[in-house]
Amino acid sequence: MRTAERGFTLIEVMMVLVVLGILVGIALPSYQDSMRKSHRSAAQAQMLDIANREQQYLLSKRIYTSTLADLGYAVPADVAARYTCTVAVDNTGVPSYTISCAPTALQSATSFGTLTLTDTGAKAPAGEW
């Protein structure tokens with residue numbers, strides 16, 4: 001005797017797809033947000049590294065530099081893909097610098113603004129450090 005083979009009905013398959021779609025719809029935005037925050041933290045860490053190198057450069061040359069190559073530094077590719085980091089220097093009078101990292105197209109889908117760090121340790125935006 002032969003038994004009838006049973007498979008999944010179209011309704012059962014569609015229900016599974018609907019449930020998977022709902023799960024992805026909930027999980028994906030949360031995952032993307034946590035990745036953006038992770039990249040933001042990486043940019044902040046790089047800014048602190050640049051600030052340390054600027055202090056070392058000041059001790060040896062008595063001025064700050066706006067060129068990262070002078071510091072022997074290159075922004076890592078994962079940060080450079082999402083942020084454009086620059087250093088503005090004022091060596092007249094008391095030397096000072098401001099490090100800025102502005103989000104690029106990959107990171108700008110968020111409400112994050114430009115990060116800044118000065119030689120006095122002032123960080124902006126204040127709530128994001």
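Computed quantities for the displayed model
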quantity: Residue ID - nearest to residue 64 (Cα to Cα), chosen from residues in the range 76-107 that are within 10 Å of the chain's Cα centre (by Cα) and of a type in the set (S, T, N, Q); calculated: 104
quantity: Of all residues in the range 106-121 being polar (S, T, N, Q) and more than 21 Å from residue 89 (Cα to Cα), the one that is modelled with the highest pLDDT; calculated: 107
quantity: Criterion violated by residue 99 - all others in (1) at pLDDT 95 or above; (2) out of contact with any strand residue (DSSP E or B) (no Cβ under 7 Å at 6 or more places or on another chain); (3) surrounded by 15 or more Cβ atoms within 10 Å (Cβ to Cβ) satisfied; calculated: (2)
quantity: When residues of the range 1-34 are limited to those that are farther than 30 Å from residue 107 by Cβ and of a type in the set (Ser, Thr, Tyr), the one modelled with the lowest pLDDT; calculated: 3
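The values are calculated or read from the model by the stated rules, or taken from the named source; none is laboratory data. All figures in this text were calculated on a predicted structure; none of them were measured in a lab. With ideal geometry, Cβ positions are generated from the backbone for all residues, glycine too; neighbour counts draw on all protein chains shown.
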